[in-house]
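Any read-out appearing in this document is the output of simple, stated calculations on the displayed coordinates, not a laboratory observation. Since we're looking at a predicted model, the values are computed, not measured. For neighbour counting, all protein chains shown are included, and Cβ atoms are generated from backbone atoms with ideal geometry for every residue, glycine included.
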Amino acid sequence: MKVSELAQKAGLQAINEFRDREVESVYISDMVSDILTAAKNGSVLITLQTHKSLIAAANLVNVAMVVIAKNRKPADDVVELATRAGIGLFTSDLDTWALARKLVQLGF
């Protein structure tokens, strides 16, 4: 499923412009070290974090998109960094558990 299709089906709000890549899997974590060691290429990363280190880690493992749960919004410099890296940055009003359940219903 493409990033744009997943965003539409899951009711996610785009924060930036993004490359419409294929989403291969889902990974949920708030720890940068955990993301670096376990997130996979092409995954959707669900987190509560909104700092630059998150985008740097997401870029290193080549995630397709980052979804920030609980309607949290990152600062402009974080959005700019994600845009430069081509990473889709989204927000959801759902908490991580409810968002994970929704993605399971969508086939992930």
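A few comments on the model shown:
- Partner aspartates and glutamates for K52 [C-alpha distance under 13 Å; skip if fewer than 8 residues away on the same chain]: D30, D76, D77, E80
- Alpha-carbon centroid distance for the pair the range 31-96 / the range 1-30, whole angstrom: 11
- Kirkwood-based shape ratio for the chain, expressed as Rg/Rh from alpha carbons: 0.91
- Within the same chain, aspartates and glutamates fewer than 8 places from K2 are excluded, and of the rest, those with a Cα less than 18 Å from its Cα are E17, D20, E22, E24.
- Within the shell defined by Cβ-Cβ distances under 11 Å, the residues around L45 carry a net charge of -1, with Lys and Arg each +1 and Asp and Glu each -1.
- Stretch gain in nm, segment N62-R84, where the contour uses 0.36 nm per residue and the Cα spacing is subtracted: 6.6 nm
- Note on the chain: with a GNM built from Cα contacts shorter than 10 Å, the maximum mean-square fluctuation among T37, T50, T96 falls on T37.
- Amide H contacts of K2 (H built 1.01 Å from N, under 5 Å, at least 5 apart or other chain): V23
- Charge dipole of the chain (Cα centre as origin; +1 on each Lys and Arg Cβ, -1 on each Asp and Glu Cβ, all else neutral): 160 debye, rounded to the nearest 20.
- Applying both filters, DSSP loop and at most 11 other Cβ atoms within 10 Å, to the GluC sites (Glu not before Pro) of the range 6-54 gives E17.
- T96 sits among other residues whose Cβ lies under 15 Å from its own Cβ, and their net charge, with Lys and Arg +1 and Asp and Glu -1, is 0.
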